[in-house]
1. Using a ≥ b ≥ c from the Cα gyration tensor of the stretch 118-197 (square roots of the eigenvalues), is it rounded, prolate or oblate, where a/c under 1.5 gives rounded and otherwise the larger of a/b and b/c decides, a/b for prolate?
2. Which of the aspartates and glutamates could be linked to residue 78 by a straight reach, that is with a Cα gap under 16 Å, when you skip same-chain ones fewer than 8 residues away?
3. Show which lysines lie in cross-link reach of residue 43 when reach means a straight Cα distance below 19 angstrom and same-chain residues fewer than eight apart are skipped.
4. What does DSSP give for the stretch 1-159 in terms of the percent of beta bridges that are antiparallel, rounded to the nearest 5?
5. Count charges around residue 116 for me, please; just the other residues with Cβ under 12 Å from its Cβ, Lys/Arg as +1, Asp/Glu as -1.
6. Within 10 Å, count the other beta carbons around each residue, average over each peptide in 131-137, 188-194, and list them highest first.
7. Compute, for residue 176, the solvent-accessible surface of its heavy atoms (probe 1.4 Å) with the complete set of protein chains present, and express it in square angstrom to the nearest 10.
8. Under the definition of Cα pairs under 8 Å and six or more residues apart, what whole-number percent is the relative contact order of the chain?
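The values are calculated or read from the model by the stated rules, or taken from the named source; none is laboratory data. As the structure is a computational prediction, the values presented were derived from the model and not from experiment. Note that each Cβ is placed from the backbone with ideal geometry, even for glycine, and that neighbours are counted across all protein chains shown. Areas reflect the complete protein model, heavy atoms only, side chains present, ligands, DNA and RNA absent. Shrake-Rupley method; radii C 1.70, N 1.55, O 1.52, S 1.80 Å.
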Amino acid sequence: MVEITHRRVPVGEVTLHVAEAGRPDAPVMLFLHGFPEFWYAWKGMMSRFAGEYRCVAPDLRGFGESDAPAEVEAYRTKRVVGDILGLIDALGVDKVILVAHDWGGAAAWSFAMAHPGRIHRLIILNSPHPATFQRELMRNPEQIRASQYFRLFRTPEAEEKLSANDFDWLWRFSMRPVYDKGLMSDEDRAAYLEAWGRPGRLTGGLNWYRASPIDVVPAGTTPPEQPLLDPAVYSVRVPTLVIWGLGDTALVPGLIEGLEAWVPDLRIERVQHATHWIAHEAPDEVEAHIRDFLSKRG
């Protein structure tokens, strides 16, 4: 394993805990995690790329050792995008290779729309563009059913349910299948439980769901039809690689269909045997796809 150092970085409104590995003078590869993970989710990938890149993995606001504002409003997209911009500025670089998953991917899509000049290449793992997510949540009953946990996570009772019995429900919902496959150790499990148990951090993570404009209707009901998000406004105009585990039970494969309407410079790699936790389950494939994408584009 490569040496990983840690520090706290003020990025504007909040201070983020940041893990770093690799050469300080190399191009920056910035990793953004999702729920209910923290920087630790990228430990393996950082080891794989630290020889050629300066690998940086923050705990996003609300997670791990980063600041966790209590109010839901603090987790709106604009605030999270500001954190990413502030971190890139604090790193002292103009552009980064941005690698992101789940809610980190949602933040990365929005950051790419707002600040395309700060991204050298965008790499997304199982995280839908907001336009295709909107489309599938209007028209695909399978995605509506798969997203019902959104409704739970927004309730006042969510913290109690997810944290009961030493976070048993949250563990089974998220990392238990990866652990059962032998892809996580007892040490890894302890690290996740410690991160979840930090005061205010479970609420911080859930506030990403509460602050989101995504509308999830009850399963079995018909959502109102709305105009799809305008590609002229929601386009991502940076070279983009999407790596998608087709076994994801929370995000259906339909989310990557037609994506080129909003992401003109797009490459999609589908991994048949992986689920939502693709970086843990298929690290060799993820690394190979990233390396090939970067080598062919300089």
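1. Details: a/c = 2.05, a/b = 1.33, b/c = 1.54.
Note, shape of the stretch 118-197 comes out oblate.
2. Residue 78 reaches 13.
3. Straight-distance partners of residue 43: 181.
4. Numbers: 11 of 24 bridges.
Roughly 45 percent of the beta bridges in the stretch 1-159 run antiparallel, per DSSP.
5. Values: positive: 95, 118, 121, 237; negative: 265.
Combined, the nearby Lys, Arg, Asp and Glu give +3.
6. Values: 131-137: 21.4, 188-194: 15.1.
Highest to lowest by the protection proxy: 131-137, 188-194.
7. About 90 Å², rounded to the nearest 10.
8. On the way: 534 pairs, mean separation 58.3, N = 298.
Value for the chain: 20 percent.
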